[in-house]
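Heads up: the structure comes next, in structure tokens.
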Amino acid sequence: MATTRAFLTQLLLLFFTAFWMSQISAFSTGSPFSAARSSFGRNVVQLFDVSESSSSESSSSSSASSSSSLSPSLLNYKTQWQVDDSYTKTASGLLYKDTKVGSGDSPDEGSTIGIHYAFWLDQFQNEDDTTGTLYFETRNEKNPKNEPLGMQYGEDAKLLKGWLEGMKTLKKGGKRTLIISPELGYGNQEIPANPPRLPAIPVGSYLRFEVEMVDVDNSAWTKFRRMVPKPSAIFD
């Protein structure tokens with residue numbers, strides 16, 4: 001009897017271990033946003049980590065050329081981007097305006113979100129230019145299926161302060177425009193160009209984000225899986 005009970009205990013333990021490992025694997029390779037992660041790669045998120053530099057350094061001549069062509073704009077960002085009283089200003093100085101109010105959940109700390117976004121620098125060609133210089137957008141030729149970008153939300157994600165704050169109250173299905181000041185963006189840090197797609201971001205740049213919250217996963221299980229290290233990390 002004791003032998004049978006020990007055997008069943010070991011069998012249940014093996015089953016639980018196999019299930020736990022499969023869930024970790026599913027999270028890293030089969031989540032709803034895995035296609036977006038594989039399409040855009042980790043370096044996309046790194047671009048918004050103010051503690052790291054660009055994922056690849058350009059040559060000194062390319063950087064110098066890009067930086068000089070994107071010197072601080074003489075045109076006012078508020079005028080060109082038509083920032084008016086319809087924008088809400090937070091205590092930090094972030095400006096935002098909802099272009100579509102969502103009806104789902106807003107992200108919690110440690111949640112997984114799926115978003116579409118694009119952002120521009122306050123570098124304008126002339127007075128008729130009301131968009132600025134496009135830096136990046138998730139809807140591009142390398143993403144033919146228009147998959148949203150899957151990412152973790154929260155302090156651990158190391159996003160720009162203004163971007164993090166701007167998405168905090170953005171509900172699933174909502175769209176929002178963010179005007180991020182240098183203090184909430186890259187500040188006095190210059191981001192080198194990464195030719196041919198990514199221009200340099202000069203010191204003191206204002207940024208305009210257009211963000212769409214496609215999906216929000218606030219489940220406790222998702223947050224738990226974020227906390228559990230992958231098996232490969234354990235044996236590194």
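The values are calculated or read from the model by the stated rules, or taken from the named source; none is laboratory data. Everything numeric here is computed off the predicted structure, so don't read it as measured data. Neighbour counts run over all protein chains shown; Cβ positions are idealised from the backbone, glycine included.
If I ask for residues that are surrounded by 18 or more Cβ atoms within 10 Å (Cβ to Cβ), of a type in the set (Gly, Ala, Ser) and closer than 15 Å to Asp98 by Cβ, which ones from segment 167-202 would you list?
Residue satisfying the conditions is Gly174 alone.
If Gly104 satisfies every condition in (1) part of a loop (DSSP other than H, G, I, E, B); (2) in contact (Cβ under 8 Å) with a residue 60 or more places away in the chain; (3) within 20 Å of Leu184 (Cα to Cα) but one, which is the exception?
Tallying (1) part of a loop (DSSP other than H, G, I, E, B); (2) in contact (Cβ under 8 Å) with a residue 60 or more places away in the chain; (3) within 20 Å of Leu184 (Cα to Cα), Gly104 fails exactly one: (3).
Scan segment 131-146 for residues that are farther than 18 Å from Pro199 by Cβ and in contact (Cβ under 8 Å) with a residue 12 or more places away in the chain and jot them down. Can you show your working first?
Taking segment 131-146 first, the residues farther than 18 Å from Pro199 by Cβ are 139, 143-146.
Arg139, Asn143, Lys145, Asn146, listed by residue number.
State which residue is surrounded by the most Cβ atoms within 10 Å (Cβ to Cβ) when the search covers only segment 203-219 and only residues that are among the hydrophobic types (A, V, I, L, M, F, W, C) and within 15 Å of the chain's Cα centre (by Cα). Lay out the reasoning, then the answer.
Kept after step one, since they are among the hydrophobic types (A, V, I, L, M, F, W, C), are these residues of segment 203-219: 203, 207, 209, 211, 213-214, 216.
From what is left, the residues that are within 15 Å of the chain's Cα centre (by Cα) are 207, 209, 211, 213-214, 216.
Values: Leu207: 23, Phe209: 21, Val211: 22, Met213: 26, Val214: 23, Val216: 23.
That would be Met213.
Hey, can you tell me all the residues within segment 139-173 that are among the aliphatic types (A, V, I, L, M) and touching a helix residue (DSSP H, G or I) at 6+ places or on another chain (Cβ under 9 Å)?
Here is the first cut: in segment 139-173, the residues among the aliphatic types (A, V, I, L, M) are 149, 151, 157, 159-160, 164, 167, 170.
Scanning segment 139-173 gives Leu149, Met151, Ala157, Leu159, Leu160, Leu164.
Has segment 133-148 got at least one residue that is over 10 Å from the mean Cα position of the chain (by Cα), at positive phi and surrounded by 14 or more Cβ atoms within 10 Å (Cβ to Cβ)?
No, that holds for no residue.
Quick check on this structure: which one of Leu121, Leu159, Leu70 is modelled with pLDDT under 95 and touching a Leu at 6+ places or on another chain (Cβ under 8 Å)? Spell out how you get there, then give the answer.
On the way: Leu121 fails: modelled with pLDDT under 95; Leu159 fails: touching a Leu at 6+ places or on another chain (Cβ under 8 Å).
Result of the check over Leu121, Leu159, Leu70: Leu70.
Of the residues that sit in segment 96-120 and are aliphatic (A, V, I, L, M) and surrounded by 21 or more Cβ atoms within 10 Å (Cβ to Cβ), which one is nearest to Pro199 (Cα to Cα)?
Looking only at segment 96-120, we keep the residues that are aliphatic (A, V, I, L, M), and these are 101, 113, 115, 118.
Filter again for surrounded by 21 or more Cβ atoms within 10 Å (Cβ to Cβ), leaving 113, 115.
Values: Ile113: 27, Ile115: 22 Å.
Filtering segment 96-120 for residues that are aliphatic (A, V, I, L, M) and surrounded by 21 or more Cβ atoms within 10 Å (Cβ to Cβ), the one nearest to Pro199 (Cα to Cα) comes out as Ile115.
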